[in-house]
Amino acid sequence: KNWLLVTVMGAMGLSSCHSHKEATQSPKEETPKVRERDEIRLMYGVPTMDFTVRGQVRDADGKPVKGIRVNILERGMEVKDGTLQGDPQRVQEWLDERSVATDSFGHFEIRNIGVPQEEVRLLVRDVDGPENGEFRNQVLDMKVEPGDVDRTNASGWNQGSYNKEVTIELEGK
């Protein structure tokens, strides 16, 4: 019975690919132990989009703030009171590895590839203590507007790219 189902699904193009190689590795290298977040999972027929979000983080007086960490939140990630929810160790690893810090002018740029979305969520965190002022963590929801999407390089399952520039004003603690 299963062979018939597999044959029909294969003929219809319903399959998936699963790679145990890290995204940054060359095809010849093998990874002895793969962490779940480093796996590349591709499914036939799933559209993707390149996301670029750049901007500046400022305090309430309009001054740029250095050392603020910014993350794009993935689908399904829950934030409560400015804190990402989940297994503490995995959350901390994700935040450390997938965030960017603002420079001395408060500028940041994040690049990501994912499934096209109607909204992009940013988690903005003050992690340096009182050095540059103390600010509340915040989540910024940005609507993906048609004017923000560039489809000139779209082909196949790639739906193009989303480019957004934002200015984020932090609230003091």
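The values are calculated or read from the model by the stated rules, or taken from the named source; none is laboratory data. Quantities reported herein were computed from a predicted structural model and do not represent experimental measurements. We place every Cβ from the backbone using ideal geometry, glycine too, and count neighbours over all the protein chains shown. Only protein heavy atoms, including side chains, enter the accessible area calculation; ligands, DNA and RNA are left aside. Shrake-Rupley method; radii C 1.70, N 1.55, O 1.52, S 1.80 Å.
Against the definition (open to solvent by 60 Å² or more (accessible area, probe 1.4 Å), in contact with a strand residue (DSSP E or B) (Cβ under 8 Å, 6 or more places away or on another chain) and modelled with pLDDT of 80 or more), how does ARG121 come out, yes or no?
yes
Filter region 128-145 down to residues that are surrounded by fewer than 13 Cβ atoms within 10 Å (Cβ to Cβ) and either assigned to a loop (DSSP other than H, G, I, E, B) or over 14 Å from the mean Cα position of the chain (by Cα) (or both), then give me how many there are.
Total meeting the criteria: 6.
Need the failing condition index for TRP94 against (1) out of contact with any strand residue (DSSP E or B) (no Cβ under 7 Å at 6 or more places or on another chain); (2) at pLDDT 80 or above; (3) surrounded by 15 or more Cβ atoms within 10 Å (Cβ to Cβ), just the number.
(2)
What number of residues within region 97-113 are out of contact with any strand residue (DSSP E or B) (no Cβ under 6 Å at 6 or more places or on another chain) and either at pLDDT 85 or above or open to solvent by less than 30 Å² (accessible area, probe 1.4 Å) (or both)?
Going through region 97-113 one residue at a time, the tally reaches 2.
Residue pairs, Cβ under 7 Å, 6 or more apart or interchain, first in region 140-163 and on the phi > 0 side of the Ramachandran plot, second charged (D, E, K, R). List them.
Cβ pairs passing all conditions: GLY160/ASP150; GLY160/ARG151.
Mind checking which residues of region 146-173 are open to solvent by 40 Å² or more (accessible area, probe 1.4 Å) and charged (D, E, K, R)?
The answer is ASP150, ARG151, LYS164, GLU165, GLU169, GLU171, LYS173.
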